[in-house]
Amino acid sequence: QVQLVESGGGLVQPGGSLRLSCAASGSIFRINAMGWYRQVPGKQRELVASIPSGGRINYADSVKGRFTISRDNAKNTVYLQMNSLRPEDTAVYYCYANLKAYPGAGGMDYWGKGTLVTVSS
């Protein structure tokens, strides 16, 4: 079993900052990639940022220059530092990981339950 647990969401004023964290635990042999998606009611879940192992970090155009994704491989944890937040950043943010649970296994996607970020004055 693999679990992803997010933390760090909340209410912040426009222009403010928040830092999201997501820790993966359980049967993990190797993590191929971790990242963050977000979703607002009535819209599709969209990629915010992803950080593969040994690959190039990818950001949605709407967050470039404001958000920074990072990983602590020793802790199987991914972070999302969000600065200069805007009302349109309001969403439920979901952590994901593509990982192998044991040697020889294929990579599978796992998701956290989500954390709400509200940007409002």
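The values are calculated or read from the model by the stated rules, or taken from the named source; none is laboratory data. Quick caveat, the model's predicted, so the values are computed rather than measured. Note that we place each Cβ from the backbone using ideal geometry, even for glycine, and neighbour counts take in every protein chain shown. Protein only, heavy atoms only, side chains kept; ligands, DNA and RNA dropped before computing areas. Shrake-Rupley method; radii C 1.70, N 1.55, O 1.52, S 1.80 Å.
Counting only aspartates and glutamates at least 8 places from K43 when in the same chain, those with an alpha carbon closer than 19 Å to its own are D61, E88, D89.
Could you work out the Kirkwood radius for the chain, taking every pair of different alpha carbons, averaging 1/r and inverting it, reported in Å? Walk me through the numbers on the way to the answer.
Numbers: mean 1/r = 0.0689 Å⁻¹.
After inverting the pairwise mean of 1/r, the radius is 14.5 Å.
How much accessible area per residue does the stretch 1-114 have, counting only protein heavy atoms and a probe of 1.4 Å, in square angstrom? Present the calculation step by step, with values, prior to reporting the outcome.
Numbers: 6280 Å² over 114 residues.
Per residue, the stretch 1-114 has an accessible area of 55 Å².
The Cα center of the stretch 7-22 and the Cα center of the stretch 72-121 differ in position by 13 Å. On the beta carbon distance between S7 and S53, with R0 = 30 Å, the FRET formula returns roughly 0.85. Ordered by solvent-accessible area of protein heavy atoms (1.4 Å probe), largest first, the residues M108, M82 come out as M108, M82.
Length gained on full extension, F29 to N73, computed as 0.36 nm times the residue gap minus the Cα-Cα distance: 14.6 nm. K100 label point, 7 Å along Cα→Cβ, cut-off 17 Å on backbone N: hits in the stretch 38-78? Only 52-55 fall inside the zone, counting backbone N under 17 Å. Within the accessible surface of the chain, defined with a 1.4 Å probe on protein heavy atoms only, the carbon and sulfur portion equals 48 percent.
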